[in-house]
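Chemist: Pasting in a structure now, in structure tokens, and then I'll have a few things to ask.
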Amino acid sequence: MKAISIPLKIINLQDDGFHLLVEVIVFKEKHLAVLDTGASRSVFDKSLIEKHISETLQVSDEINAATLFTTTTTIQATLPQLKIGTLKINNYETVAFDLQSVSETYQQFGHPPIMGIIGGDILMQYKAVINYQKMMLRLYR
């Protein structure tokens, strides 16, 4: 198995805990995503998805992702490609939430906006190892 090392950024949310951020590339644009080991699956911001692939979206009444963020409606979509470091995931089936309030909270504390949450589906499939000392995420193909 080949390991892929991806640098992480840690942010302090007003001494209320820490979040790890990872850079992802979606629709050939760089964005930051929260690395969330407690999320059952990865999700992306609804506005980002709607901006790029609105014609192929499916609205779902079910909540398909359990994260620490709440939402009202979810949208199912297929990302043509999701890149995390040198890992490329083609035709990634995802769920989109409205992450605007989360992103605004980050920005209020002087942090960059986030456009996604990388959760357990990707972390499990690619046997993720998080090294806090080196601030590195390792994924295995």
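The values are calculated or read from the model by the stated rules, or taken from the named source; none is laboratory data. Just so it is clear, the model here is predicted, and its values are computed rather than measured. Every residue, glycine as well, gets a Cβ built from its backbone with ideal geometry; the counts of neighbours run over all protein chains shown.
Chemist: Looking at Lys30, Lys51, Lys9, which one is at pLDDT 90 or above and farther than 13 Å from Leu137 by Cβ?
Modeler: None of the others qualify; the one that does is Lys30.
Chemist: Here's another thing I want to ask about it. Mind checking which residues of the stretch 97-141 are of a type in the set (A, V, I, L, M, F, W, C) and on the phi > 0 side of the Ramachandran plot?
Modeler: Result: Met135, single match.
Chemist: Please determine, by comparing only the residues of the stretch 67-81 that are surrounded by 14 or more Cβ atoms within 10 Å (Cβ to Cβ) and out of contact with any helix residue (DSSP H, G or I) (no Cβ under 9 Å at 6 or more places or on another chain), which one is modelled with the lowest pLDDT.
Modeler: Thr67
Chemist: Where residues in the stretch 82-141 are under 14 Å from the mean Cα position of the chain (by Cα) and of a type in the set (Ser, Thr, Tyr), which of them is modelled with the lowest pLDDT?
Modeler: Result: Ser103.
Chemist: Give the number of residues within the stretch 95-112 that are loosely packed, with under 13 Cβ neighbours inside 10 Å and charged (D, E, K, R).
Modeler: 1
Chemist: With the requirement that a residue be of a type outside the set (Asp, Glu), farther than 18 Å from Val102 by Cβ and in a strand (DSSP E or B), what does the stretch 9-30 give you?
Modeler: Ile25, Lys30, listed by residue number.
Chemist: List the pairs whose first member sits in the stretch 121-133 and is within 12 Å of Met1 (Cβ to Cβ) and free of Cβ contacts under 8 Å to residues at least 24 places away in the same chain, whose second member is surrounded by 15 or more Cβ atoms within 10 Å (Cβ to Cβ) and not aliphatic (A, V, I, L, M), and whose Cβ atoms are under 7 Å apart, counting only residues at least 6 apart or on separate chains?
Modeler: Val129/Arg138
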